Every structure is written in structure tokens, then in C-alpha cells.
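Worksheet: one structure, shown below.
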Amino acid sequence: MTYSFKTFLKFKDCLQFIALWVAAFFFYVFISYSIIDDSYFLNQGFSTTDFLKSELTRALSIGIFMGILFFLLKEYVYPRFFHNYGILVASLLQSLLFIMVCYIGFIIVLELSKVNYIRINNLIALRFNAKWLTCFTIYCLIVHLFITLLLAFRQRLGSNYCKSLLHGNYMTPVVEYRIFMFVDMYPSRTSAEVKHHHYSQLLQECFADLSEILLGYNAEVYQYAGDGVILTWKVKQGFKRQQCIELSEVFAVRLLQKKDFYQNQFGLVPRFKAVLNEGLVTVAEIGQIKTEIAYHGDVLSTTARVRDLCSDCDENLLITQSFFEQLTIAEQDDFTAIETTVLRGKKKAVVIYKFNG
């Protein structure tokens, strides 16, 4: 993933947070307006239109401020201090820290207004009293807690999984054409060389490095299984299969760039094997106590069988004939057929290709 793409993703997150906070304060304004009696406007000497204009402008300003502040804290502060806590405790602590920082910002704004460095609308100043501050604080805590929990669950479940659940896309089984990549650590003796606790930390580091790359190649995480991960792409018009190959290369390069870190931390430099295959699968949401979007089809079982050949061939990347046939002629030149074999549990022979890079 290039630096510019990382910047774009951060900018996109920042805009999303701003939009969420602005929407929350617009809702707050309309709730406030609905419970204010008309006599209030007569006593204060302004019309309802002036009130709404002023309040919505204030909501927009505060929403932008809150969104940017939330982004900065989430990006640079929360990961350092709250990564070892559970979702609920971390969300509560983050919400309290957020409110503290917000109040510091508001105090600075008020003090600057007193010495005429900046001017704030009189309607804003009228609201700074104990009752308003209490309601405002509780509301901000609820909004922050909601957004934080939403982001935490989206991160753990995956954004595409959450979208599919919300839309109900797979309540009824659907047939899709997909590409699957099985990525597994090898050799198998790696787990024997590292203690269980350190081995789990090793996998955390490796998959953290992989996660930073995935968005740049539009890959979805289907499952983490043992010391491997299954990635998938939904094939649409104009889909470029080269990005699947590049993902494997970039991940291998990333691990080599951090080889000193891995060697010092775990006593080894991890290597991963990858297999690419494609075809029709049935997608369905299954389970009652725990729901999951599952893929069923011969594509997955074939990919799993080919994965076992990676170690035997000492190859980092293998592809099936189904994937190879969809590549352009120029892309096919990067691969060489290594064998034609009948995979375990299969009757028809398949051609396996290795990457020449």
C-alpha cells in the first residue's frame, strides 16, 4: 500500500467521523427545538428561524471539531493506551478522555472570547450553564460510546460482513463467482520452535502487517484458521487478477523488511505460502446462536488441497488452472506449469502453476 493510499484512507475515516458527529448534533438541535416552548423565543427576543440557523451553524462547527478530535485521538492516542482493554472498558475510558479533551477545548474557546481574540454567537454563550453542560456531556458520552462500539465491532467482524448482515444479502443462499487465496505460515515446524504464547504473538504481528496491505488490494478476510487466513474477492466486470498476485508479493516483501524485528523478537523470520483459485460458490448466512457468512463449493476444497503442495514444491505462490486461464497472456508468462495431478478426494486431474518471480 502506498503512502498516498494510506493518507486517502485516513482522510476518508476523518470525513466519516465528522459526518457522524455533525449528524448527531443536528439531531440534538431538532430534539432541543421540539421541546422548547414558543414563549422562550419571545422572552429571548429572536425568531425560531434565527434560532435554528444559529443552532445548526453551531452544531456544524462543534460536529466538525468533535469529528476531527475523535479522529486524532483514535489514530494517535487510543491505540497506545487502551489496546490491552476489553471493548466495553476501553470504550468507557476512551469516552471519558474524549470528554475531558473537549472541555479543555471549550474552555480555551471561552477564554479567547472573553479577551476578544475570537467571537462566539450570543446564543452559544446563553447555553453555557450547569444544566446545559450536564445534558451536553451525557449526550456526547452516549454518542462517543455508540461510535466507538460500532467501530470496534465493525473491525472485529469486518466491514463487508457488517454490511451484508445489515442488508440481509445472504439470508437466502446466493451463487457468486469469487477468487479465494489461502495464506498459511510454513514450514510446519515453526510452531514447535516458538512457545505457544510467543507463537500467538507472532501470528498477531504477521496478520497485523497483512491487514495494513489488504485494503489496498480490495481483499476481504473470510476466515482466520490456525496459522492461516482465507482471503476472497468478488469478481465483477473489469476485475484485475494481477492485484491478487501482487498482494502475495507485497506481503512477502513486508515480512522481509521487518526480518530484524521478527528475528530479535521471535528468533525466526516467518514465511507464508499462498494459493489462488476461483470459481462459483454458494454464499449463505448460517447459524442461530452465532451467525456467519459461509462459502460452499468445490473451489474451497480444491484450494485447500493445492495449498498442501506449496511446502512439497517449496513455492511461495501456486495457482490453479482455473485462475491461470483468466489471466492475460502477459500475466501467464509469469507462471510455469509444475505438474498435473489428481488431488486427494478428486477424480479429475488439475494443472498447478508456480510463480516465476
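Every read-out reported here was derived from the displayed coordinates using simple, explicitly stated rules and does not represent laboratory data. Note that the structure is a prediction, hence the values are computed from the model and not measured. No Cβ is skipped: glycine too gets one built from the backbone with ideal geometry, and neighbour counts run over all protein chains shown.
For the reader, a short list of remarks on this structure follows.
- For the stretch 83-94, the Karplus equation 6.51 cos²θ - 1.76 cosθ + 1.60, evaluated at θ = phi - 60°, returns couplings of 6, 8, 9, x, 4, 5, 4, 4, 5, 5, 5, 5 Hz by residue, with Gly and Pro reported as x.
- Across Lys10/Lys236; Lys12/Lys74; Lys273/Lys354, pairs whose alpha-carbon gap is larger than 18 Å: Lys10/Lys236
- Put in line by how crowded their Cβ is, counting other Cβ atoms within 10 Å and starting with the fewest, Ile245, Ile64, Ile138, Ile319 read Ile138, Ile64, Ile245, Ile319.
- Aspartates and glutamates with Cα under 18 Å of Lys240, excluding same-chain neighbours fewer than 8 positions away: Glu176, Glu220, Glu249, Glu278, Glu325, Glu331, Asp333, Asp334
- Environment charge at Val229 (Cβ cut-off 14 Å; Lys +1, Arg +1, Asp -1, Glu -1): -4
- Neighbourhood net charge (11 Å Cβ-Cβ; Lys/Arg +1, Asp/Glu -1) for Ile147: +2
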